[in-house]
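Structure first, then comments.
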Amino acid sequence: MTKNCFLKDSKIFLALIALFFSSCAFAQQNDMQPEMENQFWRNVQFGGGIGLGFGSGYTDISLAPSSIYNFNEYVALGVGLQYKYLKQRDFYASHLYGGSVIGLFNPIPEIQLSAELEQLRVNVNLDGSNTNSQDYWNTGLFIGAGYRSGNATIGGRYNVLTDKNNIYGSAFMPFIRVYF
């Protein structure tokens, strides 16, 4: 066997070894990727709220989807969107839309503490007058506590940034929160 033939055979052998190990390495990477993705989605929950209110000349429609990521059994962080339509016949029509960030803390499985920062754009159109229409941003910071059972929590929250121009009737609001 000549030296050139030996070098040629050794190069082929090394190329085959390199190919074998690189395919094993890629196989390991591909096997890990779905597991990591599945782990992420196992910790995500979706929920939100839908509201309808009708009265004598009054309409209130709201939609508020949200999602949270559970870091562990105690802490979760999430985001939400919100749209609300309010109309009082012969007085005003209003559109509110925006988003929120929520943090949840469960010191024990039955108790849920929350902090939620909400930013809403408020558009109010007074009937009969375009000069009195209003467009502004409203910020709320809600601190809350509730009783939790399974995926549902019932409790109350308080807007610590409330002022005389508050878009809500009161700084304190009850809530029901459900995540699937």
Problem set entry | Filtered residues of the range 49-77 (kept if under 9 Å from the mean Cα position of the chain (by Cα) and either within 20 Å of N138 (Cα to Cα) or not assigned by TED's automatic domain parsing to the domain that holds N106 (or both)) | P65, S66
For this session: Mind listing just one residue for me: the one in the range 33-92 that is assigned to a strand (DSSP E or B) and among the aromatic types (F, W, Y) and, of those, surrounded by the fewest Cβ atoms within 10 Å (Cβ to Cβ)?
Result: F54
For this session: Would you tally the residues in the range 130-180 being in a loop (DSSP other than H, G, I, E, B) and within 21 Å of L117 (Cβ to Cβ)?
Result: 12
For this session: Please work out which residue is modelled with the lowest pLDDT, limiting yourself to the range 149-180 and to residues that are more than 22 Å from the chain's Cα centre (by Cα) and small (G, A, S).
Result: G169
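The values are calculated or read from the model by the stated rules, or taken from the named source; none is laboratory data. Keep in mind that this is a model prediction, so the values were computed, not measured. So basically every Cβ, Gly included, is an ideal-geometry build from the backbone, and we count neighbours across all protein chains shown.
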